[in-house]
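Remarks on the structure that follows.
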Amino acid sequence: MAKDYNFSEIEKKWQQYWSEKETYKVVEDSSKPKFYVLDMFPYPSGAGLHVGHPLGYIASDIYSRYKRLKGFNVLHPMGFDAFGLPAEQYAIQTGQHPAKTTEENIARYKQQLNRIGFSYDWSREVRTCDPEYYKWTQWAFLQMFSHWYDKASSKARPIEQLVEIFQESGNLSVDAACGEVEQFSAEQWNEFDQQRKDAVLMQYRIAYIGETAVNWCPKLGTVLANDEVKEGLSIRGGFPVEQKKMKQWQLRVSAYAERLLSDLDSLEWTESLKDMQKNWIGRSQGAEMIFKVMNGTEEYDITIFTTRADTVFGVTFMVLAPESEWVEKLTAPEYKTQVEEYLTMAKRKTERERMAQTKKVTGVFTGSYAVNPITSEKIPVWISEYVLAGYGTGAIMAVPAHDSRDYAFAKQFNLPIIPLIEGCDVSQESFDAKEGIMCNSGFLNGMSVQEAIPAAIEKVEEMGIGKRKVNYRLRDAIFSRQRYWGEPFPIYYKDGRAVAIPFESLPLELPEVDKFLPTEAGEPPLARAKDWQYEGCPIEKSTMPGFAGSSAYYLRYMDPCNTQALVSREKNEYWRSVDLYIGGTEHATGHLIYSRFWNKFLYDIGYVCENEPFKKLVNQGMIQGRSNFVYRIKDTNTFVSYNLKSQYDTTEIHVDVNIVNNDRLDIDAFKNWMPDYQNAEFILEDGEYICGWAVEKMSKSMFNVVNPDNICETYGADTLRLYEMFLGPLEQSKPWDTKGIDGVHRFIKKFWRLFFDGEELAVAERKATPAELKVLHNLIHKIETQIESFSFNTCVSAFMIAVNELTDLKCNCKEILSPIVVLLSPFTPHVSEELWHVLGNEGSVCDAQFPVYEESYTVENSFEYPVSFNGKMRFKISLSKSLSPKEVEQAVLADPNTEKYLAGNIVKKVIVVPSKIINIVM
RNA sequence: GCUCGGGUGGUGGAAUAGGUAGACACGCAGGACUUAAAAUCCUGUGGGCAGAAAUGCCCGUACGGGUUCGAUUCCCGUCCCGAGCACCA
């Protein structure tokens, strides 16, 4: 049998071996340090994996294998985020149960993943749609339902404790994250009927039903969370989204805003990702101020939020959001028609239209006037779309001189503009910067803006007309979806009250339905289920959103078969939290916020031991497609090569990248590709048809999808793994281009040939030469430092250089080759495993030890150093052999150039800096 | 508009506590082996100038300045590309 590098045979052999021997199964072992490496688990779509998907998985697998070689007990699991819209849409179209298609897709994904040679412990696999898994999603929801957030102790507490407090002292002393509740005493509470008590408690629960403006997507027939909407369109499907007031389940994520923000500092995430979360949380510090407003004889106190309390002397009007509850109360009878007209107009607009018209200023006067609490001046109250109901209090004090939006509004409606900063010119635009010296501002005159802001707040607090206040942009998460394929809520309704289904009855499994569509009455699909009842009462018909199942999956991997708890205390204390999490940035403001929130909640109630779920996070870039084009001359079936196309009137047509090699079209394959092209004619250049190309998203419609199975077929999994890493830095987005893969494939073959001379094993048991040792130790050093910094592309280069050098040295020495096999094994597990055994080793290469780096082998023999005198560079000096710093010093002093520059000065000290510079102090 | 990243050969990309820019690979060109192809190997490959040649010199890391003996790297300004947020008071 020829001993050529036969990857298909090798890969099959070892994949079977690993699976039989359960090589990657991991058990808790207190004698070893643990390390938890996690990938963001995939949604198993019908299209299967393309080469972009495994990028992050390959990186995490390399790191896991590396950590194992370093002696860690590595948890590296994989699972499936299996609830979701595509399976449901497919079910609606075909009538196939989503569970079935999901199952099939998962099988396909697993097959594809295993082929690439990942070291997952499949015994720990989780699937979010598995009742044994979603039992714990439902459990967590019930916990949130039965807890409230105590701001005083900054943690979640059981609702029973809240009831006790209410019974004893009402809610006056309670500082909770909650909805709007009136104050009540213990006596009042005790006299409330059950319904009233329920309504009050609902305002405090962490999972609660609340009526708010939500993102309603009519086309999908469901509500969506903020992070599921972008530019007024749904992320899934791209359908328009409108604002609608609805009663929905929500999670009180906003209660955790401050902790979610401040704990970012403790995480090893990229700054850009932290910035994204910071922006999303959107902390802003300012003050609330009360304005008295008169509508006829009625007087109201309206609270506004501002970050610029210092500008209170420049307030010339007030503005309410159209959705504000004050609108009705403050509209004077004679303005009623106009106001209503305006409100209808504003309501009719979709979110998208609103955004498109941000420049257009609209508004209407209410007919009421407010009183500036500091100046006692009377100012008009307006309504405008530019004020948002969901932020702050839905009402603002307008300072046109120093806020560009207020400025535009004032110009439009001819309202006064009073400048408050010395020397600023507000004739053309507002002066928004927080700098300068205050004027026209009473007691603030002469202060800088930075001094005036706190001074103004202090004054406001002193007068009792407001207080210091921090506002967040982060909203509570809408948690219901009017869909079928998601976790059912463990909630039923008794006499209209929401009641928890007890934990013993979980999991509450998804019922069968005849169709996966909403009912004619517009109810969610679960309304179709027969007997969707608990103890004769109706069960909640919405299901949970996609992020529910993915919020705690990393905990379940620690203890996937536990029927008593999400994770046992013991196992949680061993694995603690994820040490390395790899995934895309697209989850920055979704999953990565929700998971942190979920984890903090479980931490508060004592179920997990770490405050943060993901210690270090690396974002892999997206792999885009590289599309190819052919150019058809209009109204013909003739195609003209890329460089000649300017001479004709052509249409650009996508062509399947799999029949293009190095931008040269395989003409026969093209003719067979589609019937239309059977008789195509070509205008060639130099006998070839050159295609155009562009970088686009990888998608079927652009014929640029590259399937990893095909790559494994022609080059092998090791080549695929190596090439994906070689493409460029992990974090960077880059187009996939199969051209170039030959390079890494050649490398593996070259590596193979170090071991075999034709068919004969050519490894010798002899002592390594110094040159060989130097290559080895240089490599160890490089790989170690580069893997630790996730610079896998340079690792691959380092391997190539080393193998080239060993080939030149004709190295056949086991002492060198054996450690190199180990070094390379995280990258190319199959061929490394084979060679490891060829060298006569037992067990798996995974159990080997990472080679130890010895600096003494790698000291340079000849080098050139720049030499500087008193920090001023003068000349360079060449030295041969390895020298100690002392010897370098002598060599420098002996150099004739040194004498030239010394010019009679006495040398005090010669400093040899490792960074290749020698400093001479005179 | 605001906040982050980033601009290096024909291509992907190396190199930053400031110290020989372009490692490694692709592509291309030439050559060896072969009836031929595949595979494999060797040589050259940023631009310009001089030379028969070895080689030498000049210019080059988006653009313009600055600091420095020395800048792809640090600072200021400009342009371009990408990502995120976007009437957040």
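Since every read-out is calculated from the coordinates, none of them should be taken as a lab result. Everything quoted here is computed from the prediction, not taken from an experiment. With ideal geometry, Cβ positions are generated from the backbone for all residues, glycine too; neighbour counts draw on all protein chains shown.
Please name whichever of A:96, A:643, A:575 sits farthest to the positive end of the charge dipole of chain A, dipole taken about the Cα centre and charges placed at Cβ: Lys and Arg +1, Asp and Glu -1.
Towards the positive end, the residue furthest out is A:643.
Per 0.36 nm of contour for each residue apart, how much would the distance between residue A:781 and residue A:412 grow if the chain were fully extended, relative to their Cα-Cα spacing?
Between residue A:781 and residue A:412, full extension yields an extra 126.1 nm.
To the nearest 20 debye, what charge dipole does the range A:548-680 have about its Cα centre, counting +1 at the Cβ of each Lys and Arg and -1 at the Cβ of each Asp and Glu?
Result for the range A:548-680 is approximately 280 debye, rounded to the nearest 20.
Over the range A:156-224, calculate the relative contact order: mean separation of alpha carbon pairs under 8 Å at least 6 apart, over the residue count, as a percent.
Computed value for the range A:156-224: 24 percent relative contact order.
Taking the Cβ-Cβ separation of residue A:842 and residue A:107 as r and a Förster radius of 30 Å, what is the calculated FRET efficiency to the nearest 0.05?
According to the calculation, E is roughly 0.35.
Towards the positive end of the charge dipole of chain A, with charges on Cβ (+1 Lys, Arg; -1 Asp, Glu), say which of A:398, A:539, A:811 has the farthest Cα.
Going by the Cα projections, it comes out as A:811.
How much length is gained if the chain between residue A:94 and residue A:714 is pulled fully straight, taking 0.36 nm per residue apart and subtracting their Cα-Cα distance, in nm to one decimal?
That works out to 219.7 nm of additional length.
Determine ³J(HN,Hα), in whole Hz, for all residues of the range A:705-712 in sequence, where each value follows from phi through the Karplus function 6.51 cos²θ - 1.76 cosθ + 1.60 and θ = phi - 60°; x replaces Gly and Pro.
Karplus-based 3J(HN,Hα) across the range A:705-712 equals 7, 10, 8, x, 4, 5, 5, 4 Hz.
Please compute the volume of the convex hull spanned by the alpha-carbon atoms of the range A:418-545 and report it per residue in Å³.
About 250 Å³ per residue, rounded to a whole number.
Run the simple label-point estimate for residue A:467 and residue A:696 please: 7 Å along Cα→C-beta, distance reported in nm.
The modelled label-to-label distance comes out at 5.8 nm.
How high is the FRET efficiency from residue A:425 to residue A:284, r the C-beta distance, R0 30 Å, rounded to 0.05?
On the way: r = 27 Å, r/R0 = 0.90.
After rounding, the FRET efficiency stands at 0.65.
Taking Cα atoms, how many degrees apart are the long axis of helix A:271-281 and the longest axis of chain A, rounded to 10 and kept between 0 and 90?
Its long axis makes an angle of about 20 degrees.
Taking the Cα centre of the range A:172-273 as the origin and placing charges on Cβ (Lys, Arg +1; Asp, Glu -1), which of A:202, A:234, A:183 is farthest toward the positive end of the dipole?
Among A:202, A:234, A:183, the one farthest towards the positive end of the dipole of the range A:172-273 is A:234.
In percent, what relative contact order does the range A:61-138 have, based on Cα pairs under 8 Å that are 6 or more apart in sequence?
Normalised by residue count, the contact order of the range A:61-138 is 43 percent.
Suppose R0 equals 22 Å. What FRET efficiency, 1/(1 + (r/R0)^6) with r the Cβ-Cβ distance, do residue A:568 and residue A:616 give to the nearest 0.05?
Given R0 = 22 Å and the Cβ-Cβ separation, E is 0.35.
Whole Å is fine, so just give me how far the alpha carbon centre of the range A:515-565 lies from that of the range A:707-721.
39
Post the alpha-carbon centroid distance, the range A:82-108 to the range A:627-704, in whole angstrom.
When both Cα centres are located, 36 Å separates them.
In debye, nearest 20, what is the charge dipole magnitude of chain A about its Cα centre with +1 on Lys and Arg Cβ and -1 on Asp and Glu Cβ, if you could check?
Taking the Cα centre of chain A as origin, the dipole is about 1180 debye.
So, in Å, what gap is there between the alpha-carbon centers of the range A:14-74 and the range A:197-253?
37
Considering only chain A, what is the antiparallel percent among its DSSP beta bridges, to the nearest 5?
Percent antiparallel among DSSP bridges in chain A is about 80.
Treating only the Cβ of Lys, Arg, Asp and Glu as charged (+1, +1, -1, -1), what charge dipole size does the range A:1-58 show about its Cα centre? Round to the nearest 20 debye.
So the dipole magnitude of the range A:1-58 works out to roughly 80 debye.
Under 12 Å from the 7 Å Cα→Cβ point of residue A:195, by amide nitrogen: which residues of the range A:496-538?
It comes to A:496-497, nothing else.
Among the listed pairs A:34/A:750; A:278/A:697; A:219/A:247; A:13/A:34; A:151/A:434, which have their C-alpha atoms separated by more than 24 angstrom in this model?
Working: A:34/A:750 36 Å; A:278/A:697 28 Å; A:219/A:247 19 Å; A:13/A:34 29 Å; A:151/A:434 31 Å.
Flagged as over cut-off: A:34/A:750; A:278/A:697; A:13/A:34; A:151/A:434.
Please compare each pair in A:110/A:700; A:25/A:767; A:274/A:411; A:155/A:197 to a cut-off of 31 Å on the Cα-Cα distance and tell me which ones are over it.
As for pairs spanning more than 31 Å Cα to Cα, those are A:25/A:767; A:274/A:411.
Run through the DSSP bridge list for the range A:604-683 and note the antiparallel percent, rounded to the nearest 5.
Working: 10 of 13 bridges.
Of those bridges, close to 75 percent are antiparallel.
In nanometres, what is the gap between the two model label sites at residue A:183 and residue A:849, each 7 Å from Cα along Cα-to-Cβ?
7.0
Give the Cα extents of the range A:51-151 along the principal axes, in whole Å, largest first.
For the range A:51-151, the Cα extents along the three principal axes come out at 49, 44, 23 Å.
With each label point set 7 Å from Cα along the Cα-Cβ vector, what nm distance links residue A:328 and residue A:448?
It is 4.9 nm.
For the range A:574-700, what does the equivalent ellipsoid look like in terms of its semi-axes, each the square root of 5 times an eigenvalue of the Cα gyration tensor, given largest first in whole Å?
Ellipsoid half-lengths, sorted descending, are 54, 13, 12 Å.
Taking every DSSP beta bridge with both residues inside the range A:635-788, roughly what % is antiparallel (nearest 5)?
65
Any idea what Rg and Dmax come out to for chain A if you just take the C-alpha atoms, in Å?
Values for chain A (Cα only, Rg and Dmax): 34.4, 105 Å.
Once every DSSP H run of n ≥ 4 in chain A is given -39500 (n - 2.57) and the sum is divided by its residues, what mean residue ellipticity at 222 nm do you get, rounded to the nearest 500 deg cm²/dmol?
-10000 deg cm²/dmol
Measure nothing but the geometry: give the 0 to 90° angle between the long axis through the Cα atoms of A:449-463 and the longest principal axis through the Cα atoms of chain A, rounded to 10°.
Compared with the principal axis, the helix lies near 40 degrees.
Given the peptides A:748-754, A:713-719, A:690-696, A:278-284, arrange them by the average over their residues of other C-beta atoms within 10 Å, most packed first.
Working: A:748-754: 19.4, A:713-719: 21.4, A:690-696: 17.7, A:278-284: 15.9.
Taking the mean over residues of other Cβ atoms within 10 Å, the ranking is A:713-719, A:748-754, A:690-696, A:278-284.
Go through A:334-346, A:594-606 and give me the packing order, highest mean Cβ count within 10 Å leading.
A:594-606, A:334-346
Between residue A:493 and residue A:808, what length in nm is gained on full extension when 0.36 nm per residue of separation is reduced by their alpha carbon distance?
Result for the pair: 105.6 nm of gain on full extension.
Could you rank the peptides A:617-626, A:36-45, A:262-271, A:557-566 by their average count of other C-beta atoms within 10 Å per residue, with the highest value first?
The most tightly packed comes first, giving A:36-45, A:617-626, A:557-566, A:262-271.
Tell me the relative contact order for the range A:472-515 as a rounded percent, counting alpha carbon contacts under 8 Å between residues six or more apart.
That works out to 30 percent.
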